[in-house]
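All remarks here apply to the structure that follows.
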Amino acid sequence: MSKYKLIMLRHGEGAWNKENRFCSWVDQKLNSEGMEEARNCGKQLKALNFEFDLVFTSVLNRSIHTAWLILEELGQEWVPVESSWRLNERHYGALIGLNREQMALNHGEEQVRLWRRSYNITPPPIEESHPYYHEIYNDRRYKVCDVPLDQLPRSESLKDVLERLLPYWNERIAPEVLRGKTVLISAHGNSSRALLKHLEGISDENLGDQEAIQAAIKKVEDQGKVKQAKK
């Protein structure tokens, strides 16, 4: 039986992760703990003798920086790194920047749980008056995407994340894995959850139990796990 090698991980910790705030598309950087987490992950991969052919990241700094630190630990800084907005964290809309505990006090724990953990419930969209709206949509990285700026999400359910991620998976990542390349994806909690749902056939109801552990390794190597979406 042939085996495919795909490593998926979530970026290391950033300041807003520590403050329990919805970071989403705001370009928060890794803090010192997050950089150490990434280095430790690189050391684990080195101990397992991984040699990567390609690395895929989102366009957010914390995802890219995590990948760089891992490659540095591996001594594989030369490995090509490709970044796409389609691997970005879930867009939390109007919730971006807010503290989750305060949100629970204002809206109730059940509503916040539904926004965070359900598959097809979308938070309220971000408006132009939102303090982080212009920081996100005036950023040059979103003006060179494969979709027009006005078609980028203003809020997403996890279902939406999977739908915008799958074309990139099908067209860029899966073909490389199926060709026998050893691939690293340095992404985010929700983009990883969405892809795991696709790869492992997780039901909508059980998806809330799939927690992406910070800088933890997820190895998918059994035949049939690396699959493309049905057309």
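When region 116-153 is limited to residues that are over 17 Å from the mean Cα position of the chain (by Cα) and among the charged types (D, E, K, R), the one that is nearest to GLU205 (Cα to Cα) turns out to be GLU127. Selection of region 83-102 for residues being more than 19 Å from SER58 (Cβ to Cβ) and touching a residue at least 24 places away in the same chain (Cβ under 8 Å) yields ALA94, LEU98, ASN99, ARG100, GLU101. For region 79-93, the set of residues classified as over 19 Å from SER192 (Cβ atoms) and buried (at least 19 other Cβ atoms within 10 Å of the Cβ) consists of GLY93 only. Out of all the residues in region 178-225, which are among the β-branched types (Val, Ile, Thr), in a loop (DSSP other than H, G, I, E, B) and at pLDDT 70 or above? Once the filter is applied, which keeps residues that are among the β-branched types (Val, Ile, Thr), in a loop (DSSP other than H, G, I, E, B) and at pLDDT 70 or above, region 178-225 yields THR182, ILE202.
A search for C-beta distances below 6 Å between a residue of region 105-134 that is within 19 Å of ARG154 (Cβ to Cβ) and touching a residue at least 24 places away in the same chain (Cβ under 8 Å) and any residue that is among the aromatic types (Phe, Trp, Tyr) and surrounded by 14 or more Cβ atoms within 10 Å (Cβ to Cβ), counting only pairs 6+ apart in sequence or on different chains, returns PRO123/TYR92; PRO123/TRP115; ILE126/TYR133.
Counted as qualifying within region 40-154 are the helices (runs of 4 or more DSSP H) with 1 or more residues that are closer than 25 Å to LYS5 by Cβ and touching a Leu at 6+ places or on another chain (Cβ under 7 Å), namely 61-74. Taking ARG113 as the residue in question, decide whether it is surrounded by fewer than 20 Cβ atoms within 10 Å (Cβ to Cβ) and either modelled with pLDDT of 95 or more or under 16 Å from the mean Cα position of the chain (by Cα) (or both). In short, no. Within region 1-59, if we keep just the residues that are of a type in the set (Phe, Trp, Tyr) and over 23 Å from MET103 (Cβ atoms), the residue that is surrounded by the fewest Cβ atoms within 10 Å (Cβ to Cβ) turns out to be PHE50.
Note on region 9-32: residues that are modelled with pLDDT under 95 and part of a helix (DSSP H, G or I) amount to 4. Set side by side, the residues SER118, SER129 differ, and just one is in contact with a Ser or Thr (Cβ under 8 Å, 6 or more places away or on another chain) and either among the small types (Gly, Ala, Ser) or modelled with pLDDT of 90 or more (or both), which is SER118.
The values are calculated or read from the model by the stated rules, or taken from the named source; none is laboratory data. A quick note: this is a predicted structure, and the numbers were derived from the prediction, not measured. Cβ: placed from backbone, ideal geometry, glycine included. Neighbour counts: every protein chain shown.
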